[in-house]
Amino acid sequence: MNISKKLELWQAQNLISAEQAKKISIYEKENRKPVLTLPLLALGFFCIALGIVSLISANWQIISDSVKLGTDLIIMLGIGSAAFYYNAKGKDTIFEGLLLLFCLLVLASIGLISQIYQLQSYGLEAYFVWCILILPLVILSRRSILALIWLPIFTASSVDTLSAIPFFRELLEIIEHTFPFAISVCGILVFAYVYRFISYYFRTRLAPQIKAMKFWLGFDIVSLVVLMDFGASNMFSGIFYDDILNGDNYRSILVISCLIFANIGFGYFSYKYNYSRLLTCVLSILLGFSIIYMALPDNRAVLDLWGFLLTMSILSTVVAYALIKNKIKILNIATACMAIRLFFVYLQVFGSMVTTGIGLIVSGVLFLSLIYGWKKLHLNTMLIIKESK
């Protein structure tokens, strides 16, 4: 519902006067945020940068190395000075656009220097260097867009760079062969710790960056749940049994114990500082179902059922959280996802639209009956409470 309809409704309910409604309407129009300004600004800067790159590429061979480096330095100084100027003027939107463009130019400069001096990079090392160089700018940014771009690149490049260290590579192999999806569960748990630490100590200063971290943490969890649900029956492998049976099971037990204690520690921290228990519950479910996977037979029906129970457990936890916290939007999304997953399970089990339709009708009637019973129970409870008073 837009502000005009809300004002009309409030006037009809005698909550505000016509004069107040007019003042609110004028205020909202004057302070309306330019929703498309930043994306269009970023697109404009991107087109300009792409055009410059195209012009330079067309004459690349005839341009000397000193001219290339000098031009690159001048452009970066100009963009940096303009960003500093608009930041001082309080023009946040233009500042953020220029900051994003400057960061992209830093990446281009790394490529230029590597090309001129024939520097070899292995894997994602160049992107890792870029992430380190622009980290102060990511912290300086007051919008989430730069952090949203930086976070996945930093995560992927840092893991790739650390993989060159024998100890870290061996540790990844141990975790990978402990139980299915162990690498992903471990990575999400580490990310959750970093997110919780930063959100506790830098809640105000790094609010946009925390928002970006929250988005990627949620995206990673949803992606892993979908993968574990629909991909479990396609990736079953006996390598996990081999590691337990070949005498190296102490390493698997050690890894599992560390993850369990890390999850308990995360839950204790959330409880102590009054954070939501939802993330702790979701991480516990992911870890528990990953460990249970090892005990399952290589049977498609069993693995499909395991995936269904995993998704419904996660969604039920979200529904319970939404009910407790009275978050209607989250409740609607979670229940809609549950309905969609139920539709898929009927397709998996029955395979025909007739039986699927019958199953869905029965499920719908069951859900409506439960809602009706819950409402009746709630009303009776309220009446008893009123009578007792």
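The values are calculated or read from the model by the stated rules, or taken from the named source; none is laboratory data. All of these numbers come straight from a predicted model, not from anything done at the bench. Here the Cβ is made from the backbone with ideal geometry for all residues, glycine too, and neighbour counts use every protein chain on show. Heavy atoms of the whole protein, side chains included, go into the accessibility calculation; ligands, DNA and RNA do not. Shrake-Rupley method; radii C 1.70, N 1.55, O 1.52, S 1.80 Å.
Select from the range 57-100 the residues that are over 33 Å from the mean Cα position of the chain (by Cα) and among the acidic types (Asp, Glu) and write down the one among them that is farthest from Leu148 (Cα to Cα).
That would be Asp65.
For residues that are among the charged types (D, E, K, R) and assigned to a helix (DSSP H, G or I), scanning just the range 174-219, find the one that is surrounded by the most Cβ atoms within 10 Å (Cβ to Cβ).
Arg196
Residue-wise test of (1) at pLDDT 85 or above; (2) closer than 30 Å to Asp160 by Cβ.
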position: Gly51; (1), (2): no, no
position: Asp65; (1), (2): no, yes
position: Tyr86; (1), (2): yes, no
position: Glu125; (1), (2): yes, yes
position: Phe128; (1), (2): yes, yes
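It is to be established whether one or more residues within the range 144-154 are under 14 Å from the mean Cα position of the chain (by Cα) and not in a helix (DSSP H, G or I).
yes
Going through the range 104-120 one residue at a time, which ones are open to solvent by less than 60 Å² (accessible area, probe 1.4 Å) and either within 22 Å of the chain's Cα centre (by Cα) or free of Cβ contacts under 8 Å to residues at least 40 places away in the same chain (or both)?
Result: Val106, Leu107, Ser109, Ile110, Gly111, Ser114.
Could you give me the residue pairs with C-beta distances under 6 Å whose first residue belongs to the range 138-165 and is more than 26 Å from Ala83 (Cβ to Cβ), whose second residue is surrounded by fewer than 20 Cβ atoms within 10 Å (Cβ to Cβ) wherever it lies, and which are 6+ apart or on separate chains?
Listed by first residue and then by second, the contacts come to Asp160/Gly123; Asp160/Leu124; Thr161/Glu125; Leu162/Phe168; Ser163/Arg169.
For the range 131-138, does any single residue satisfy the condition of being assigned to a helix (DSSP H, G or I), surrounded by 15 or more Cβ atoms within 10 Å (Cβ to Cβ), of a type outside the set (Val, Ile, Thr) and at negative phi?
yes
Residues Leu315, Leu279, Leu310: which one is closer than 18 Å to Val185 by Cα, modelled with pLDDT of 80 or more and open to solvent by less than 20 Å² (accessible area, probe 1.4 Å)?
So the residue among Leu315, Leu279, Leu310 that is closer than 18 Å to Val185 by Cα, modelled with pLDDT of 80 or more and open to solvent by less than 20 Å² (accessible area, probe 1.4 Å) is Leu310.
Condition check ((1) modelled with pLDDT under 80; (2) of a type outside the set (A, V, I, L, M, F, W, C); (3) exposed (fewer than 13 other Cβ atoms within 10 Å of the Cβ)) across all residues:
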| site | (1), (2), (3) |
| --- | --- |
| Ser290 | no, yes, no |
| Trp306 | no, no, no |
| Lys325 | no, yes, yes |
| Ile340 | no, no, yes |
| Leu347 | yes, no, no |
| Gly359 | yes, yes, no |
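Looking at Asp229, Asp242, which one is open to solvent by 30 Å² or more (accessible area, probe 1.4 Å) and modelled with pLDDT under 90?
Sole residue among the options that is open to solvent by 30 Å² or more (accessible area, probe 1.4 Å) and modelled with pLDDT under 90: Asp242.
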